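Working notes for the structure below.
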Amino acid sequence: MSKFVRIALMVALGVATAVCVAAAAVPDPTNSVVPTCICVAPGGEETFMVTVNDQFGNPINNVAVVLDFGSCSVVYACSGQDAGFTAAGKMVTGYTNASGQVTFTTRAGGICQTVPGDGPIRVWAGGVLIASLAKNSSPDISGNGTVGLDDLGSFAADQLPPQNLESDFSCDGIVGLADLGIFADAQLNQRWLGFCP
Ligand SMILES: [Ca+2]
Ligand SMILES: [Ca+2]
């Protein structure tokens, strides 16, 4: 085999390998993991972990994941997010780690579907739609940027049977003590973090 042919084969092999690597880096909705329940608060104390995998189930590192509340009338995202996350309008972006995971502590409020026909909340990874969620919960039930007395009134009413699960912040199917703790934390944290947005 001539030196020229060897080099040509090596180049071709390299290109083929690069194509395989590029193809492996496409997020796969079936293999990715997105929780079905999401709670957001202006203080950003509620977590939401997304795992992005490719079609082979391999984690994808450093891919942009977007929580898109763009079709939710009342939901807002605070302009200031935690380190590593950015907000643009009603979209919050973070990036996966080597395990394909990103844990959002989204500073936001308001509830999707407060206005009929709203939603869904879309979750994008590298431009691929990997999940759609019908709605979210938030201690800022009114969506006015603060967790205050108006929200407390709604939260209290939501506990009465038949319960209104808009106040099920803990995602366990009931409105109870766990949700009261989340509500209290959200109210306390915003005092330290300032007004949102
Ligand atoms: Ca409020
Ligand atoms: Ca609950």
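The values are calculated or read from the model by the stated rules, or taken from the named source; none is laboratory data. All of these numbers come straight from a predicted model, not from anything done at the bench. Note that we place each Cβ from the backbone using ideal geometry, even for glycine, and neighbour counts take in every protein chain shown.
Yes or no, residue by residue, for (1) at positive phi; (2) aliphatic (A, V, I, L, M); (3) modelled with pLDDT under 95:
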{"site": "Asn97", "(1), (2), (3)": "no, no, no"}
{"site": "Thr106", "(1), (2), (3)": "no, no, no"}
{"site": "Ala125", "(1), (2), (3)": "no, yes, no"}
{"site": "Asn144", "(1), (2), (3)": "no, no, yes"}
Kindly provide the set of residues from segment 58-76 that are closer than 16 Å to Pro120 by Cα and either surrounded by fewer than 23 Cβ atoms within 10 Å (Cβ to Cβ) or polar (S, T, N, Q) (or both), ordered by number. Val66, Asp68, Gly70, Ser71, Ser73, Val74
Evaluate segment 127-139: report whether one residue or more is of a type in the set (S, T, N, Q), part of a strand (DSSP E or B) and modelled with pLDDT of 95 or more. yes
Restricted to segment 140-173, and to residues that are outside any loop (DSSP other than H, G, I, E, B) and among the hydroxyl-bearing types (Ser, Thr, Tyr), which residue is farthest from ligand 1 (Cβ to nearest atom)? Ser167
Select from segment 103-117 the residues that are crowded, with 23+ Cβ neighbours inside 10 Å and within 11 Å of the chain's Cα centre (by Cα) and write down the one among them that is farthest from Ser138 (Cα to Cα). Phe104
Residues of segment 174-197 satisfying the condition of being in a loop (DSSP other than H, G, I, E, B) and at pLDDT below 95: Gly194, Phe195, Cys196, Pro197
Just the residues that are among the charged types (D, E, K, R) and either touching a Pro at 6+ places or on another chain (Cβ under 7 Å) or closer than 18 Å to Asn58 by Cα (or both), please, taken from segment 99-119. Arg107
Looking only at residues in segment 127-157 that are surrounded by 15 or more Cβ atoms within 10 Å (Cβ to Cβ), within 14 Å of the chain's Cα centre (by Cα) and not basic (Lys, Arg), which one is farthest from ligand 2 (Cβ to nearest atom)? Ile130
Among (1) without any contact (Cβ under 8 Å) to a residue 24 or more places away in the chain; (2) away from ligand 1 (no atom under 16 Å from the Cβ), where does Val92 come up short? (1)
With (1) of a type in the set (D, E, K, R); (2) closer than 30 Å to Phe56 by Cβ; (3) within 16 Å of ligand 1 (Cβ to nearest atom) as the list, and Arg122 as the residue in question, which single condition is left unmet? (3)
